[in-house]
1. On full extension of the chain, what length is gained from Lys353 through Arg148, given 0.36 nm per residue of separation minus the C-alpha to C-alpha distance?
2. Taking a cut-off of 29 Å between Cα atoms, list the lysines near Lys46, but don't count ones fewer than 8 places away on the same chain.
3. Which order do Met243, Met370, Met208, Met294 fall in if you start with the one that has the fewest other Cβ atoms within 10 Å?
4. Given the C-alpha centroids of segment 373-387 and segment 80-120, what is the distance between them in whole angstrom?
5. Convert each backbone phi in segment 172-182 into a coupling constant with the Karplus relation 6.51 cos²θ - 1.76 cosθ + 1.60 (shift: θ = phi - 60°), then list the ³J(HN,Hα) values in order as whole Hz, x for Gly and Pro.
6. Show the residues, 5+ positions off or on another chain, whose built amide H is closer than 5 Å to the amide H of Ala106.
7. What are the ³J(HN,Hα) values, in whole Hz, obtained from phi via the Karplus relation 6.51 cos²θ - 1.76 cosθ + 1.60 with θ = phi - 60°, for each residue of segment 161-166 in sequence order, with x given for Gly and Pro?
8. Please turn the phi angles of segment 215-228 into ³J(HN,Hα) values with the Karplus equation 6.51 cos²θ - 1.76 cosθ + 1.60 (θ = phi - 60°), one per residue in order, whole Hz, x for glycine and proline.
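No value in this document is a laboratory result; all are computed from the given coordinates. All values reported here derive from a predicted model rather than from experimental measurement. For neighbour counting, all protein chains shown are included, and Cβ atoms are generated from backbone atoms with ideal geometry for every residue, glycine included.
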Amino acid sequence: MSILETIRTALRALMSNKMRSVLTMLGVVIGVSAVVAMLALGEGTKADIETNIRSLGADVLTVRNGPAQRGAVRAQSVDSLKLEDAEALTAVDNVIAVAPASNGSAQIKRLAGNIGAQVIGVTPAYFQVQKLNIEQGNAITDAQVRGRLHSCVLGANIYNTLFPLGDAIGDHVKIKGLSFQVVGVLESKGSGFSSADDNVLVPITTHMSTLFGRQFVSSITVQVASEDLIDAAKTDVEAFLRMRHRLKPGDDSDFNISSTKDVLEAVGQITGVMTAFLAALAAISLVVGGIGIMNIMLVSVRERTREIGVRMAVGARRRDILLQFLIEAVTVSVLGGLIGLAIGAGGAYGMSKAVGTGFSLPVYAIVLSMVVSLATGVCFGVWPARSASKLDPVEALRYE
């Protein structure tokens with residue numbers, strides 16, 4: 001018997017039991033659609049996060065206060081970065097801008113309005129380094145920093161909440177009970193990683209001395225001349241700060257330096273593990289679907305025992321019988337995989353639009369779903385196919 005005749009016989013057998021075939025492939029459809037949906041949503045979310053992080057710039061370093069070791073004792077954390085460190089870093093090679101920042105949170109009030117916000121002490125360089133644009137008014141100036149003035153720039157959400165009628169420039173808000181004049185409003189950046197829409201920016205000297213009583217800054221952002229020089233600049237900045245902090249060789253640095261590349265690598269690892277975990281959970285339903293295929297095919301072998309005997313009596317070889325039942329299992333599995341791929345991709349796209357997350361259907365997800373579907377049909381179809389091929393023709397013909 002030719003391979004084409006065997007395929008036609010297998011397809012006729014499936015078409016003669018349409019409902020059984022549909023119910024058999026249902027497990028594969030559910031499994032593949034779940035895996036594809038998880039991979040698409042995971043990759044889309046990862047791409048969204050990476051885009052938001054890259055929007056901060058691939059040419060910046062962020063220096064933060066970090067753990068320190070003094071002798072044999074390791075401290076949990078230490079405040080070590082000062083304004084003077086930021087000012088001195090401008091002398092490091094390939095550094096074109098330095099923006100220290102001091103973070104804190106407070107309630108921002110105006111008339112009956114009241115909203116919680118991140119209050120960040122900044123210098124004029126902060127707007128350049130963080131790529132913040134002014135929608136109204138002006139940014140924080142050097143004169144305001146030197147004079148420790150009570151000036152502020154509002155994020156878009158803060159502005160919309162406290163000034164629903166507009167005209168904020170020159171008006172005042174209260175931060176921790178102190179009156180601050182609004183000198184500017186930031187252009188909205190929308191929701192995302194490190195959005196400034198919920199921030200209020202004030203002169204860093206005012207933030208540290210008047211509002212929060214601090215001697216150390218929270219972070220220093222360093223803009224490098226180009227992305228290609230980021231690794232060299234990171235080494236130079238670390239060596240420069242270690243020298244300023246009088247750290248001996250072998251001592252841990254009392255600060256941490258990270259770049260956009262470091263953050264992207266960390267985020268990629270985390271999202272990759274999460275996506276793989278969710279896909280593995282979804283793949284359990286594929287195993288269940290495969291077991292369903294095997295069970296139905298075993299029942300089919302028993303029901304069609306006399307048919308198998310007749311085919312062997314008229315010349316069908318054992319390998320023809322094995323191939324026929326294997327083709328039936330693979331057809332059900334692959335067709336279920338294709339349907340599951342379409343349902344999974346469509347469902348993930350709909351979910352991404354509904355909740356506002358990213359959607360990305362990678363090529364490997366399509367290939368993986370098809371390969372797994374094929375493998376499921378082969379693995380769970382071999383046993384029933386072998387059982388059919390091993391039937392004794394005489395006993396099969398006697399079977400009622």
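1. 69.2 nm is the gain from fully extending Lys353 to Arg148.
2. Correct list for Lys46: Lys131, Lys189, Lys234, Lys261, Lys353.
3. In increasing order of surrounding Cβ atoms, one gets Met243, Met370, Met294, Met208.
4. Distance between centres, Cα-based: 63 Å.
5. The phi angles translate into 10, 10, 10, 10, 6, x, 9, 7, 10, 7, 7 Hz.
6. Residues meeting the criterion, in which the H sits 1.01 Å from N, are Ala117, Val119.
7. Result, rounded to whole Hz: 6, 8, 10, x, 9, x.
8. 10, 10, 7, 7, 7, 10, 9, 10, 9, 9, 4, 7, 4, 5
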